[in-house]
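The values are calculated or read from the model by the stated rules, or taken from the named source; none is laboratory data. These numbers come from a predicted model, not from an experiment. Cβ: placed from backbone, ideal geometry, glycine included. Neighbour counts: every protein chain shown. These accessible areas exclude ligands, DNA and RNA; they are computed on the full protein's heavy atoms, side chains included. Shrake-Rupley method; radii C 1.70, N 1.55, O 1.52, S 1.80 Å.
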Amino acid sequence: MTLPSSSGVNLWTSVAMIAAIVLASTTGEVLTAAAMKSIGDLDEIRAKSGMAGAIRAVVTCPLFFAGVGFLALAFFSLLFALNHMSLGLVAPASASLTVVTNSIAAKLFLHENVDKRRWTAAALICVGVYFLAH
């Protein structure tokens, strides 16, 4: 089975490519957010240590570089998927599913409050991606 306008890429290959983008992007965003929470308020750091101190606080945080690495992986995964599938499927599916996985990851790993409205939006996004793929 192939997806519509996917240049002959089968369903499971398409799912795997989009999943790679979504998982790498979500991991990168969660790691970057965790890094920024661990660093603290950059305005306070800048007030005490200047701009160089704020930059030093960011570039000396290993979580920040791990996050940037995963975001780079997500970018190159996106380029690979766009090389094999249509933009009309890859871009909306990966972007919208990233919103869903970010909500889940924010709740599980960052212990953020994810309210009912955000969960409803995530569910509606899943329905939209389903219609997009079929």
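A few comments on the model shown:
- Rough spin-label spacing in nm, given labels placed 7 Å along Cα→Cβ, for Ala47 and Ala72: 3.5
- Of the residues Phe64, Asn83, Ala54, the one whose Cα sits farthest towards the positive end of the charge dipole of segment 28-88 is Ala54 (charges of +1 on Lys and Arg Cβ, -1 on Asp and Glu Cβ, taken about the Cα centre).
- Span from the segment 15-33 Cα centroid across to the segment 73-134 one, whole angstrom: 9
- Nearest-ten-degree value, helix 42-59 long axis tilted from longest Cα axis of the chain: 50
- Angle of helix 11-39 to the longest C-alpha principal axis of the chain, folded into 0 to 90 degrees and rounded to 10: 10°.
- Solvent exposure, largest accessible area first (probe 1.4 Å, DNA, RNA and ligands not counted), of Thr26, Thr101, Thr13: Thr13, Thr101, Thr26
- When the solvent-accessible area of the chain is split by element, carbon and sulfur atoms take up 71 percent of it, the probe being 1.4 Å.
- About its Cα centre, the dipole of the chain is roughly 100 debye, where the only charges are +1 on Lys and Arg Cβ and -1 on Asp and Glu Cβ.
- Of (i) 1.04; (ii) 0.95; (iii) 1.26, the label for Cα Rg over 2.2 N^0.38 Å derived from the coordinates: (iii)
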